[in-house]
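Student: Would you mind keeping the following structure in view while I ask a few things?
The values are calculated or read from the model by the stated rules, or taken from the named source; none is laboratory data. Since we're looking at a predicted model, the values are computed, not measured. With ideal geometry, Cβ positions are generated from the backbone for all residues, glycine too; neighbour counts draw on all protein chains shown.
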């Protein structure tokens, strides 16, 4: 089990320091500064009495020294006691549904959720006769009116994946807790560096470590973080029943990226804000969707609950034909046309074909573009955007 941060007193060391030293016990590193990449399916148990010992390491799917080192680092990021690894961010999002939802049950899912999470609810949960109700991401304490006696899960994401609404996290968590419902926050946007859902009352915080934590755009991984031992047991049971497993090489790659996470997030934040503020003044941009901007509708909640912002935000273009949108995107030379984010490279996508909303209507009059600002110099990114916007 991952050893989380010491809860007995205030943390005196900054996150960058803690991530540099997390998971470096000699039993995990064997003397090196990095953990060993331990590839194992079969595990030789010390004695017959330990073959069926609860919690013992008896098979490679349960994890190795490499996985343990990663979990210790991830606990430091989220301020968690427990961490469950998953082979992708999507599986980290769906395991809580599998662990806590049931046939004849009901779940609440934010209308601004990551598309594949929504698809899972619409397809998989529906086939299992578990009903999903989508809620407006700005509903706040009003979520209490949607909770039913058979509601098992409230799943939020803040900011929203493409439209960047900021939810009132403490209000959502309090309503769920009062009704005895498990609450989950997709915390990928902040990388766990700038937002602490567990401190705000959520039971679970999930991340796609594929994004910022890894940072190298070369590994798929996800994780669920929590402090409740009982909920952790149910999550582990669900993962075991599914045969969930993370390759040790992937765990190693994500841990290597996590070492520099605090430093990289500071760069992503500063560069994205510089680009966003420039776009906010551009005559061919109708609106910038970035909660750290003072003009954003979610800014007050963001300022209250977040300590910073990431490199991901959106822009609304004036009403123009799709052909013009494509011309703008195709003219870019530094921004790749890619669906992920959080890597070292800048990315951009046209969001309109992906938008699926049933409980709320985004205030958009023109095409929606999502921008992920990487580690390039922001002045170069601005110059690239300037020449591409001439195509509109």
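Student: Quickly run through segment 68-82 and pick out the residues that are under 19 Å from the mean Cα position of the chain (by Cα) and part of a helix (DSSP H, G or I).
Tutor: Residues satisfying the conditions are 70, 71, 72, 73, 74, 75, 76, 77, 78.
Student: Looking for whichever is crowded, with 17+ Cβ neighbours inside 10 Å and either under 21 Å from the mean Cα position of the chain (by Cα) or modelled with pLDDT of 95 or more (or both) here; the options are 347, 364, 337, 375. Which one fits?
Tutor: None of the others qualify; the one that does is 347.
Student: Still on this structure, please answer the following. Just to be sure, is residue 381 part of a loop (DSSP other than H, G, I, E, B), under 27 Å from the mean Cα position of the chain (by Cα), in contact (Cβ under 8 Å) with a residue 60 or more places away in the chain and over 28 Å from residue 198 (Cβ atoms)?
Tutor: In short, no.
Student: Report yes if residue 137 is closer than 15 Å to residue 184 by Cβ and either buried (at least 21 other Cβ atoms within 10 Å of the Cβ) or over 14 Å from the mean Cα position of the chain (by Cα) (or both), otherwise no.
Tutor: When the stated conditions are applied, residue 137 passes them.
Student: From the list 161, 167, exactly one residue is surrounded by 21 or more Cβ atoms within 10 Å (Cβ to Cβ), closer than 24 Å to residue 368 by Cα and modelled with pLDDT under 95. Which is it?
Tutor: None of the other options fit; the residue is 161.
Student: Something else: Quick check, is residue 273 without any contact (Cβ under 8 Å) to a residue 40 or more places away in the chain and either buried (at least 17 other Cβ atoms within 10 Å of the Cβ) or over 21 Å from residue 349 (Cα atoms) (or both)?
Tutor: yes
Student: Another question about this same structure. Wholly within segment 180-228, which strands (runs of 3 or more DSSP E) include no fewer than the required count, namely at least 3 residues that are out of contact with any strand residue (DSSP E or B) (no Cβ under 6 Å at 6 or more places or on another chain) and on the phi > 0 side of the Ramachandran plot?
Tutor: Here the list is empty.
Student: Restricting the search to segment 290-317, which residues are assigned to a strand (DSSP E or B) and farther than 17 Å from residue 382 by Cα?
Tutor: The answer is 306, and nothing else.
Student: With 388, 359, 331 as the choices, which residue is within 24 Å of the chain's Cα centre (by Cα), over 29 Å from residue 193 (Cα atoms), in contact (Cβ under 8 Å) with a residue 12 or more places away in the chain and surrounded by 14 or more Cβ atoms within 10 Å (Cβ to Cβ)?
Tutor: Of the residues listed, the single one that is within 24 Å of the chain's Cα centre (by Cα), over 29 Å from residue 193 (Cα atoms), in contact (Cβ under 8 Å) with a residue 12 or more places away in the chain and surrounded by 14 or more Cβ atoms within 10 Å (Cβ to Cβ) is 359.
Student: To continue, here is another question. Which one of these is surrounded by 22 or more Cβ atoms within 10 Å (Cβ to Cβ) and either in contact (Cβ under 8 Å) with a residue 60 or more places away in the chain or in a helix (DSSP H, G or I) (or both): 244, 254?
Tutor: Exactly one of 244, 254 is surrounded by 22 or more Cβ atoms within 10 Å (Cβ to Cβ) and either in contact (Cβ under 8 Å) with a residue 60 or more places away in the chain or in a helix (DSSP H, G or I) (or both), namely 254.
Student: While we're on this one: Report whether or not residue 85 is modelled with pLDDT of 95 or more and not in a helix (DSSP H, G or I).
Tutor: yes
Student: Looking at segment 83-96, which of its residues are surrounded by fewer than 22 Cβ atoms within 10 Å (Cβ to Cβ) and under 12 Å from the mean Cα position of the chain (by Cα)?
Tutor: Those that are surrounded by fewer than 22 Cβ atoms within 10 Å (Cβ to Cβ) and under 12 Å from the mean Cα position of the chain (by Cα): 88, 90.
Student: Something else: Would you confirm whether any residue within segment 131-138 is in contact with a helix residue (DSSP H, G or I) (Cβ under 7 Å, 6 or more places away or on another chain), at pLDDT 95 or above, in a loop (DSSP other than H, G, I, E, B) and closer than 21 Å to residue 304 by Cα?
Tutor: No; the residues of segment 131-138 include none that is in contact with a helix residue (DSSP H, G or I) (Cβ under 7 Å, 6 or more places away or on another chain), at pLDDT 95 or above, in a loop (DSSP other than H, G, I, E, B) and closer than 21 Å to residue 304 by Cα.
Student: While we're here: Within segment 46-58, can one find any residue that is surrounded by fewer than 16 Cβ atoms within 10 Å (Cβ to Cβ), within 17 Å of residue 247 (Cα to Cα) and in contact (Cβ under 8 Å) with a residue 40 or more places away in the chain?
Tutor: No.
Student: Identify all residues within segment 2-28 that are modelled with pLDDT under 85 and either within 21 Å of the chain's Cα centre (by Cα) or surrounded by 15 or more Cβ atoms within 10 Å (Cβ to Cβ) (or both); write none if there are none.
Tutor: 2, 3, 4, 5
This table checks each residue for (1) surrounded by fewer than 24 Cβ atoms within 10 Å (Cβ to Cβ); (2) in contact with a helix residue (DSSP H, G or I) (Cβ under 9 Å, 6 or more places away or on another chain); (3) within 23 Å of residue 261 (Cα to Cα).
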site: 176; (1), (2), (3): no, yes, no
site: 186; (1), (2), (3): no, yes, yes
site: 194; (1), (2), (3): yes, yes, yes
site: 208; (1), (2), (3): no, yes, yes
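Student: Mind telling me which of the residues 287, 370 ends up being in contact with a strand residue (DSSP E or B) (Cβ under 8 Å, 6 or more places away or on another chain), at pLDDT 95 or above, surrounded by fewer than 22 Cβ atoms within 10 Å (Cβ to Cβ) and under 25 Å from residue 88 (Cβ atoms)?
Tutor: When all the criteria are applied, what remains is 370.
Student: Just wondering, is there one or more residues in segment 212-226 that are under 20 Å from the mean Cα position of the chain (by Cα), under 18 Å from residue 301 (Cα atoms), crowded, with 18+ Cβ neighbours inside 10 Å and in contact (Cβ under 8 Å) with a residue 40 or more places away in the chain?
Tutor: No; the residues of segment 212-226 include none that is under 20 Å from the mean Cα position of the chain (by Cα), under 18 Å from residue 301 (Cα atoms), crowded, with 18+ Cβ neighbours inside 10 Å and in contact (Cβ under 8 Å) with a residue 40 or more places away in the chain.
Student: In addition: Would you check if there is a residue in segment 86-94 being touching a helix residue (DSSP H, G or I) at 6+ places or on another chain (Cβ under 6 Å) and within 26 Å of residue 263 (Cβ to Cβ)?
Tutor: Scanning segment 86-94 turns up at least one residue that is touching a helix residue (DSSP H, G or I) at 6+ places or on another chain (Cβ under 6 Å) and within 26 Å of residue 263 (Cβ to Cβ).
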